[in-house]
Amino acid sequence: MKSIFIDCNDQLAPVWARVVRPDDPPIAVNARPFAREDLPRLLAGYDICLDDHSYMPTELVAQCSSLKHVVFLGTGAASYMNIAELKDRGITVHTIKGYGDTAVAEHTIALMFACARQLARMDREIRAGKWDQLEGVQLLGKTIGIIGLGGIGSEVARIAKGIGMNVMAYNRTPRNDPNAKLVDIDTLLKRADVVSMNLVLNDATRGFLSAERIARMKPGAILVNTARGALADEAALIAALQSGHIRHAGLDVFHAEPLKPDHPLAKLPNVTLTAHAAFRTLEASMTLLRRAIDIVQTIVK
């Protein structure tokens, strides 16, 4: 079976070179950008596709007659392809969990601090010649509400507790965590000074943070989303930021990526943006790529 890594970039290329082994199955590596409509040409003759974060529309994948497996580098494949439709066409989508739990959790905490102290806004203003000592929020003793207590959420809870925050969490199924008190979603939204989105995106969670739930958030709360943009109602989020109901948002993920510079979120002063990079550490990337190769190895045996 032939394999190809369709979207290796300059950042991942040296990591790939570090983790690939002489006895690994051969995997072609494409490092050149390609237009979405070129996907069938790129995948022609290949049975296995490693996909970092390229969109794979069903109508284009349908033209890839050889394709049988997609190894998505992460957990959010549903944001880039219709897994059920691919399955109906005999294509199995493999995802990789747990490789970057600590990396994403640390990024979540970093965004929380950046929002609380308006770091990005002050940085922009100083560079523009404006010296404004903006007031921040002290996080010691504040309450963080974690929505989704999986591997990443549990790491966020551990770190948040370590810096002296009160930690509550909502999980869709019962789960014990020594660092977090489980509560229902309404209690979390009502009481949390910081809300951290850490749910997996699927049909059941899409739009989970609805307009109604955003309205029930504690006035002046901070929202951090390092999970998936589609978990939140984007229009309601923008309105809540504009009104000040949400004090500040730290966003690493968006409904459409990359985020366009003229997008309303990019124009709001009380939003701190990062480029879907929460999982991008050398340590996490090495683990991720190694596991992807191991999945290919299991398939071809």
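The values are calculated or read from the model by the stated rules, or taken from the named source; none is laboratory data. These numbers were taken from a predicted model, which means no experiment stands behind them. Please note: Cβ atoms are built from the backbone with ideal geometry, for glycine as well, and neighbour counts cover all protein chains shown.
Structural remarks
- Identity of the residue in the stretch 228-260, of a type outside the set (Ser, Thr, Tyr) and out of contact with any helix residue (DSSP H, G or I) (no Cβ under 9 Å at 6 or more places or on another chain), that ends up nearest to Ala215 (Cα to Cα): Gly244
- Between Ile144, Ile152, Ile109, the distinction of being within 24 Å of Arg228 (Cα to Cα) and assigned to a strand (DSSP E or B) belongs to Ile144 only.
- Considering the conditions (1) crowded, with 16+ Cβ neighbours inside 10 Å; (2) assigned by TED's automatic domain parsing to the domain that holds Leu60, Thr92 is excluded by exactly one of them, (1).
- Residues within the stretch 235-256 that are surrounded by 19 or more Cβ atoms within 10 Å (Cβ to Cβ) and not hydrophobic (A, V, I, L, M, F, W, C), tallied: 4
- Hits in the stretch 16-63 - residues which are β-branched (Val, Ile, Thr) and under 22 Å from Ala78 (Cβ atoms): Ile48, Thr58, Val61
- Test for Asp10: is it assigned to a loop (DSSP other than H, G, I, E, B), out of contact with any His (no Cβ under 7 Å at 6 or more places or on another chain) and surrounded by 14 or more Cβ atoms within 10 Å (Cβ to Cβ): no
- Meets criteria (β-branched (Val, Ile, Thr) and within 26 Å of Leu134 (Cα to Cα)) for Val300: no
- Filtering the stretch 200-212 for residues that are in contact with a Ser or Thr (Cβ under 7 Å, 6 or more places away or on another chain), polar (S, T, N, Q), in the same structural domain as Ala105 (by TED's automatic domain parsing) and at pLDDT 95 or above leaves an empty set.
- Any chance Ala215 is crowded, with 22+ Cβ neighbours inside 10 Å and farther than 17 Å from Asn171 by Cα: no
- Of the candidates Pro40, Pro25, Pro33, the single residue that is in contact with a helix residue (DSSP H, G or I) (Cβ under 7 Å, 6 or more places away or on another chain) and over 23 Å from Arg291 (Cβ atoms) is Pro40.
- Residue, nearest to Lys2 (Cα to Cα), within the stretch 266-301, restricted to residues that are within 17 Å of the chain's Cα centre (by Cα) and without any contact (Cβ under 8 Å) to a residue 60 or more places away in the chain: Ala275
- Residue, surrounded by the most Cβ atoms within 10 Å (Cβ to Cβ), within the stretch 271-301, restricted to residues that are part of a loop (DSSP other than H, G, I, E, B) and out of contact with any helix residue (DSSP H, G or I) (no Cβ under 6 Å at 6 or more places or on another chain): His276
- Hits in the stretch 267-301 (condition: at pLDDT below 95 and touching a strand residue (DSSP E or B) at 6+ places or on another chain (Cβ under 6 Å)): none
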